[in-house]
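Readers should treat all values here as calculations from the given coordinates under stated rules, not as data from a laboratory. Just so we're clear, the structure is a prediction, and the values are computed from it rather than from any experiment. Cβ: placed from backbone, ideal geometry, glycine included. Neighbour counts: every protein chain shown.
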Amino acid sequence: MARLELIIEGLRVGIEGREIVKGFDLTVRGGEVHAVMGPNGTGKSTMASALMGHPAYEVLGGRVTLDGQDLLAMSVDERARAGLFLAMQYPAEISGVSNANFLRTALNARRPESEPVPVMQFHRELKAKMESLQIDPSFAERYVNEGFSGGEKKRNEILQMAVLRPRVAVLDEIDSGLDIDAVKLVAGGVSQMLSDDMGVLIITHYQRILNYINPTNVHVMMQGRIVRSGGPELATQLEERGYEWLREELGIDEPLTEEA
Amino acid sequence: MAHTLVDLTPEQIAAFAANEPSWLQERRLGALGAAHDLPLAHRKQTPLEAAGFTLPALPQTASVTVGDVHDGAEVMELTQAIAEGTADLERHLGRLFSEGQDHLHALHLATFAGGVLCRVKRGRELASPLQVSIGLQGGSLFAPHVLVVLEEGARADLIVELQGEAGSEAAVRGAVEIVLGDGAALNYTEFQRLPGRVQAYWPRRAELGRDARLQWILADVGARLAVSDTRTYLRGAGSEARVLASFFGGRRQHFEFSHVMVHEGAHSTSDIEARGVLQGKARAIYSANSVIRKNAKNASGWQHEHTLMLSEEARADLIPELEISEWEVSAGHAASAGPVDPMQIYYMESRGITPVESRRLIVAGFLASLLADIPLRDVREQIADIFLEKVEL
């Protein structure tokens, strides 16, 4: 398989007529881990949701290609089958549908109808992946996200990523609401999957998770665009000095606490 | 407005029932007289005046296929049961429809043709379900009658399928009667998958003795027009009845269903759980009533109705009611109708599941708890598959 290549150029996204993402550029290649950091309300999650095709967000301009294919021209399910995965901050609950059935349906959607994934093999692999993420085996038969704690939902998102093996995984605030042991588990799960075939985009407010997944690139987003890019040292700097420092240096004087 | 029965005379009924015992001929003639006297009840949301099943015509006999029958049980085509002079017939046939007289019920009792009799003998517990399939072949009007009698302490599962040859435009004016003796228990599954142009009127009645238990599992997907009212009389103390009703209407299907639980026995309990799915321009009128009569002390009657709307043009009317004439009871209802949550669809699609498959999963999850008690796995899966195949974008 060719090395992954996700190219985002000049992406502009709005919601209810208000522009939130104002020209976002980023390229992620296989084996790379990009962290997009920034204060609340700067458009990080909006950018991630627009990549996936969330119905509430409107793409106002720009271009996104995944392995050369025009991502923005695709429907949500086509984007997923093309290899995009978004670990969501607030995943939906689906009553009456077991996790196992949900995942098997998602896997089969990627295969010819005449060749569904063998059931026994599926359950064996699911069980192994659940064990490595320390998810109780009973979760396979529980309804998707129904009655899950915040942390359980996050781990379930990572489990789905591990089963579906995307080309590029966007993790939206995967670390929020997780205790440190869970952050390590999630980070371990992501690191294990990294290869030339897969790239990762981590959206986070805090530097904490980056102690366990080494980012190759760190970007700071403010007011709807990337204002600074660097290596892992940029995350450390932000951790020590906060966002205020960068805001002053860049001469951004709008308040940072705009609604997300 | 008088509904005319000029086309159907006592002489015609007498000729139609020429081979039947005199008690039945007399009942048919009595019912014909009642049908003459009773006007067709007007239903505001489902006018029946033009429906094929109101025709005062003589029906054809539906085909009846019976699965394996076990020791302790009898399942036979009703015409045969009448010819053999089975004792329970005279006692029970039509009895539960004599309360609350209605033109269509009377017309049915005057003209019913064939159907099935199921009897389970006292104290017998059947190891596997009885299965009956009622089919419409050719013809324009069918009037099958289903009579189920479980004697004292008997236990059984029964699965009844209503089907017909593709393209049929027939009308059905049928009826189901269930009589459960003291301590008897029946798990009754009925799967209505009639062809898409059929019009069906299909009332059901049940009577429960002391400590008897009845579970109605009713799944409706077929017919252009389906009207049914299901009335369960909890006569005995400690009797228990439960309805698990699921339906899926699409295109221009029109359903009117009602479920009534009538509590007469003390400590009787009932529960109605109904879940419907509507798409296209389908319409459902769904009502439920828990009637707790005087002296039904400590009775409890609950209702839960939910309808999932897959299209904006579909329409659901939910009408929950309670009629309580006793003090120490517990009863209540909850009803809701709403569209699919777009965030659920987005979430599923974000995992690569196609839009139509996402809706199928949601529908499967929505109905799962109502189909879970269908006794045979292959029947359960077949019913679920037929529900899911209906999902359109």
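When restricted to Cα atoms, chain B yields an Rg and a Dmax of 20.7, 69 Å, respectively.
The mean sequence separation of alpha-carbon pairs under 8 Å and at least six residues apart, normalised by the residue count of chain B, gives a relative contact order of 10 percent. Normalised by residue count, chain A yields a Cα convex hull volume of 129 Å³ per residue.
The aspartates and glutamates within cross-link reach of B:K121, meaning a Cα-to-Cα straight distance under 13 Å and a gap of 8 or more places when in the same chain, are B:D71, B:E74, B:D88, B:E151, B:E152, B:D182. For the residues A:A128, A:A82, A:A169, a GNM of chain A with alpha-carbon springs under 10 Å puts the largest fluctuation on A:A128.
Using the rule -39500 (n - 2.57) for each DSSP H run of four or more residues, divided by the residues of chain A, the 222 nm mean residue ellipticity is -10500 deg cm²/dmol.
For the pair the range B:248-263 and the range B:13-38, the centres of their Cα atoms are 30 angstrom apart.
Result for chain B in a Gaussian network model with C-alpha springs under 10 Å: among B:G222, B:G52, B:G249, the largest mean-square fluctuation is at B:G52. Across the options B:V356, B:W302, B:A245, the greatest Cα extent toward the positive end of the charge dipole of chain B (unit charges at beta carbon of Lys, Arg, Asp, Glu) belongs to B:V356.
Can you tally the net charge around B:E313? Count Lys and Arg as +1, Asp and Glu as -1, for every other residue whose Cβ sits under 11 Å from the Cβ of B:E313. That sum, taken over residues with Cβ under 11 Å, equals +4.
For the range B:286-337, the C-alpha radius of gyration divided by 2.2 N^0.38 Å, with N the number of residues, is 1.43.
Cross-link partners for B:K390 among the lysines, with Cα-Cα distance under 29 Å and sequence neighbours closer than 8 places in the same chain left out: B:K44, B:K281. Among DSSP beta bridges whose residues both lie in the range A:116-251, state the antiparallel percentage, nearest 5. So the antiparallel bridges amount to about 55 percent of the total. In percent, rounded to a whole number, the relative contact order of chain A is 30, using alpha-carbon pairs under 8 Å and six or more apart. Listed cross-link partners A:K129/A:K153; A:K22/A:K153; A:K127/A:K184; A:K44/A:K154; A:K44/A:K127; A:K127/A:K153 are compared with a 22 Å cut-off, the Cα-Cα value being larger for A:K22/A:K153; A:K44/A:K127.
When the Cα gyration tensor is reduced to axis lengths a ≥ b ≥ c, the ratio a/c is 1.5 or higher for the range A:32-186, and with a/b not above b/c it is classed as oblate.
Note on chain A: with a GNM built from Cα contacts shorter than 10 Å, the maximum mean-square fluctuation among A:R247, A:R142, A:R124 falls on A:R124. Considering only the Cα atoms of the range A:35-113, their convex hull presents on average a projected area of 7.2 nm². Antiparallel beta bridges, as assigned by DSSP with both residues in chain B, represent about 5 percent of the total such bridges.
The residues neighbouring B:G153, those whose beta-carbon lies less than 9 Å from its own, together hold a net charge of -1 under the Lys/Arg +1, Asp/Glu -1 convention. The distance linking the range B:335-371 with the range A:189-260 is 36 Å (Cα centroid to Cα centroid, whole angstrom). Neighbouring Cβ atoms from other chains, within 10 Å of the Cβ of residues in A:92-105, number 5 on average. By definition, a body whose alpha carbon gyration tensor gives a ≥ b ≥ c is prolate when a/c is 1.5 or more and a/b is larger than b/c, and the protein assembly as shown fits this prolate description.
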